[in-house]
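Input: a single structure, listed below in structure tokens.
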Amino acid sequence: MGFFSCDYLKTEGTLFSSYYCTLTMQKVENSTATNVCLSSKHTDCYQYKKKNSWFFIANAAYKKLGFPEDDFGEFAAWKCRALCSSERGRAFLKDYNDGGPKIVDAINKRPDSKAIYEDIYKNTLRPCLELIKAGEAAEAFNLYKAFYEQCKSLYLE
């Protein structure tokens, strides 16, 4: 795969290559794979943005650290329950959809990106997940929002 190819694109078959997206769990047309997936990063993908609008930084951290992505179900349920249902949550998600991928790109360009993601997991993702599981949705939102604002000042300014 090329330098900018999507991390979620997988090749199936041997005679005539066919492609499969492990994010959407669907077959990808050869023309789409060639013209889009093989020449762009997954953070540029509209399917990625649609499916992972809450998970840009969490997804990058989990991938970099080699953790299973099982916790995303909890995050997704929380997103629907707590964020999408409030004006404040929707406003945050709109901003996050724009800034999240840029933050991930900035972190990934740094030589200490793994240490950054370890810190993110330890100090934000794990505590957020614990709050979500304890039914403390507002506290989880406040923690993640503060974290995101800090990331914007560190990586986007």
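The values are calculated or read from the model by the stated rules, or taken from the named source; none is laboratory data. All values reported here derive from a predicted model rather than from experimental measurement. Ideal geometry is used to build each Cβ from the backbone, glycine not excepted, and the neighbour counts take in all protein chains shown.
Figures for the structure shown
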{"item": "In region 25-65, the residues that are assigned to a helix (DSSP H, G or I), surrounded by fewer than 17 Cβ atoms within 10 Å (Cβ to Cβ), modelled with pLDDT of 70 or more and hydroxyl-bearing (Ser, Thr, Tyr)", "result": "Ser31, Thr32, Thr34, Ser39"}
{"item": "Hits in region 88-142 - residues which are small (Gly, Ala, Ser), farther than 16 Å from Tyr62 by Cβ and not in a loop (DSSP other than H, G, I, E, B)", "result": "Gly89, Ala91, Gly99, Ala106, Ala137, Ala138, Ala140"}
{"item": "Asp98 being closer than 23 Å to Tyr8 by Cα, among the acidic types (Asp, Glu), within 13 Å of the chain's Cα centre (by Cα) and at pLDDT 85 or above", "result": "no"}
{"item": "Residue ID - modelled with the lowest pLDDT, chosen from residues in region 1-24 that are β-branched (Val, Ile, Thr) and within 16 Å of the chain's Cα centre (by Cα)", "result": "Thr24"}
